Structure formats: structure tokens, C-alpha cells
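**Q** Got a structure for you, questions after.
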Amino acid sequence: SGRTATFTFTSLDKPYVILVKARPTSETASQYFSANQTKTERNNVSLKTENWTTGVSSYQDVTIISKILEKNTTQPRAGELHWAVDYKPYDLAQPGEKLEDQLPTGIDLRMDANGSLVLAGNITANEMTLNPDGSYTIGSPVTLELGRNVSYDNATRVLSFIIPDNTKAYSFSYITDITGEPGTVTNKVSLLGSGTGQEETSKPYVISALDGSASLQRNGWISITKTDGVGAPLAGAEFTLYALDGSTVIKKGVTGSDGAVKLKVIPDGEYLLQETAVPAGYTLESVPHS
């Protein structure tokens, strides 16, 4: 059947070692990698004789790591996160063309006063080499160029990396500053291709008060307090910090129950601050403040 190998011995008066090499069919391999997860398969073996039909049996579990897309994070210091997104095609034909990373509010990439990504020291990409044991080794760096193979949409908060050769493996890494309030945020990355399907993986992170304090010390910040007509704190008012062009989003935040919000880790420069949303029943103050 292609799934069962039978060995017949004329005598069992000495020990034997049997080596069997097997590999998944193309269809099975496709099923493994379509789920982007780790799977365990069990290989069973049994020994029987003419006069001992019950015999004895054993098994070995094999872990199959079939993650085309994987995301990990480390924290070099408080208020800062280092993300690594790995694309691993395992020498299989994969339709991957682009990685898209959806950053949550509270996790910010480093950019200049114009809203452009600062690549140097913050964003890198490397080829990876597949080893015989299935692991990968970091290889030569990929030259990154804004607008060509890496980009960031300030409005949608999507970071994109164009995969140079989808038959090769790559590690795409970047540093973010933690600017959100304490709580859990989830960072999701997607592998997009020419087909209709896509692979996705996500990584949660719990923001602590220590992260917030460290971010305030890293660079400039703006503290905003919103009140209603009688001076009571107003929650739910959104403020957006723009570059001087008035359209490129630098930071965005919403006031809490105390009517306050802090826009953290702001690069040195000149900006426009504007209220961009208010709770129902209130009038939007659409005047930009420089």
C-alpha cells in the first residue's frame, strides 16, 4: 500500500537493525503546510511470530514543523520590542510574494518628522539557508529601500516587505516602541501571494506600566486633556498628530475615562495636532494646532 513495510525473518537468533526512510507525498506535504502549524505523526511497529500472534508493538512520534510563516518577539529593554518574521518555504513551491504586518495601536515603528520609516538600525532583512535537519541559518542581508521592497502605510498601520525570491527563506525584523497603555495587544502578519489564499500568524504582547514609563524617557511626547463644556473629563475624543503636510499620520490616540491621552516617542520636528473624532453629541474641533 506504500504505507506498510513488512520484513520476514527465517530466524530470530540474533539482533537486527532495520532502517526505513520515508517522506510525505506531494499531496500530504501540501496539507501540512497549508495549515501553517506544527503536527505530530505516529509511526507504529509490531513484531509477531507463528506461535506468538499477540506479539509486541511500539511506536515513535515525529514532530513535523510545517510553519511557512513564523513570528517571534524579544524585549531588549523596557518600552521596546524586537520583532522577527520568518518566511520558510522549505524548498517547496510557495506562492508567497509579500509580507504584510498589521501593527496595533500602541506599538509604533520608528520614523522621522515627515512620517517616513527610519530603516537604519531599526529594520533589517536577511536570506536564510535550509539545513539538512530542517532548521534555518541566517545568511546574507537584503538591501532594503523605501518604496521598492519595504513600505509603511501610516493610515492603515500596515508594514509591507516584498519577498525577493519566494523559493528562498527570509527573516524580516524590526524594532518598535511601546506607546500604548497597559493591556494586551496583538500583532498580526500575513503572507500574501498571487493565489486567493494567504497564511497568517499573530503574536500577543502585554504592555506594562514600566513600558509606558520607559517610552516617555526615550523621546518627546504630548499630553492632551479633553474636557466638556462644564470642565468634566471627556472620554472617547481622538487626536491625530500629522506631519506638516497635514495628511501623513505620525501618532494617534483616544482619551480615556480621565479625559487624557499621551502621544509618545515623537521624533524631533514640527507637527500639526488635530482633533479627529469626538463622542456622539459633541462637536468636532477641526482646527489644526502647530
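The values are calculated or read from the model by the stated rules, or taken from the named source; none is laboratory data. It should be emphasised that the depicted structure is a prediction, and the values quoted were computed from it without experimental measurement. Using ideal geometry, Cβ is built from the backbone for each residue, glycine included, and neighbour counts are taken over all protein chains shown.
**Q** Mind checking which residues of the range 175-189 are in contact with an Asp or Glu (Cβ under 6 Å, 6 or more places away or on another chain) and either among the hydrophobic types (A, V, I, L, M, F, W, C) or surrounded by fewer than 18 Cβ atoms within 10 Å (Cβ to Cβ) (or both)?
**A** ILE178, VAL189
**Q** Working only within the range 108-147, note down all residues that are outside any loop (DSSP other than H, G, I, E, B) and either more than 30 Å from SER215 (Cβ to Cβ) or touching a Gly at 6+ places or on another chain (Cβ under 7 Å) (or both).
**A** Within the range 108-147, ASN126, GLU127, MET128, THR129, LEU130, TYR136, THR137, GLY139, SER140 qualify.
**Q** Across the range 143-174, what is the total count of residues that are farther than 26 Å from GLY253 by Cα and buried (at least 19 other Cβ atoms within 10 Å of the Cβ)?
**A** Adding up the residues that qualify gives 6.
**Q** Restricted to the range 259-287, and to residues that are in a loop (DSSP other than H, G, I, E, B) and without any contact (Cβ under 8 Å) to a residue 40 or more places away in the chain, which residue is nearest to the chain's Cα centre (by Cα)?
**A** Looking at residues that are in a loop (DSSP other than H, G, I, E, B) and without any contact (Cβ under 8 Å) to a residue 40 or more places away in the chain, I get GLY259.
**Q** Residues in the range 201-223 that are in contact with a Ser or Thr (Cβ under 7 Å, 6 or more places away or on another chain) and surrounded by 15 or more Cβ atoms within 10 Å (Cβ to Cβ): how many?
**A** 3
**Q** Something else now. Please go through the range 271-290 and pick out each residue that is among the charged types (D, E, K, R) and at pLDDT below 95.
**A** Scanning the range 271-290 gives a single hit, GLU285.
**Q** Moving on to the next point. Out of the range 73-102, which residues are buried (at least 18 other Cβ atoms within 10 Å of the Cβ) and in a loop (DSSP other than H, G, I, E, B)?
**A** The answer is GLY79, LYS88, PRO89, GLN94.
**Q** Still on this model: Of all residues in the range 228-245, how many are touching a Pro at 6+ places or on another chain (Cβ under 9 Å) and either surrounded by 17 or more Cβ atoms within 10 Å (Cβ to Cβ) or at pLDDT below 95 (or both)?
**A** 3
**Q** Taking the condition within 40 Å of the chain's Cα centre (by Cα), part of a strand (DSSP E or B) and surrounded by 10 or more Cβ atoms within 10 Å (Cβ to Cβ), does LEU47 pass?
**A** Answer is no for this residue.
**Q** Quick check on my filter: what residues within the range 54-67 are farther than 16 Å from TYR136 by Cα and either at pLDDT below 80 or of a type outside the set (Gly, Ala, Ser) (or both)?
**A** THR54, VAL56, TYR59, GLN60, ASP61, VAL62, THR63
**Q** With respect to GLU70, is the statement that it is touching an Asp or Glu at 6+ places or on another chain (Cβ under 9 Å), surrounded by 12 or more Cβ atoms within 10 Å (Cβ to Cβ) and either at pLDDT 85 or above or not in a loop (DSSP other than H, G, I, E, B) (or both) true?
**A** For GLU70, the condition - touching an Asp or Glu at 6+ places or on another chain (Cβ under 9 Å), surrounded by 12 or more Cβ atoms within 10 Å (Cβ to Cβ) and either at pLDDT 85 or above or not in a loop (DSSP other than H, G, I, E, B) (or both) - is met.
**Q** Next up: Is it fair to say GLY231 is without any contact (Cβ under 8 Å) to a residue 60 or more places away in the chain and at positive phi?
**A** Yes; evaluated as a whole, the condition is true for this residue.
**Q** Would you be able to say whether some residue in the range 193-213 is touching a Leu at 6+ places or on another chain (Cβ under 7 Å) and among the basic types (Lys, Arg)?
**A** No, that holds for no residue.
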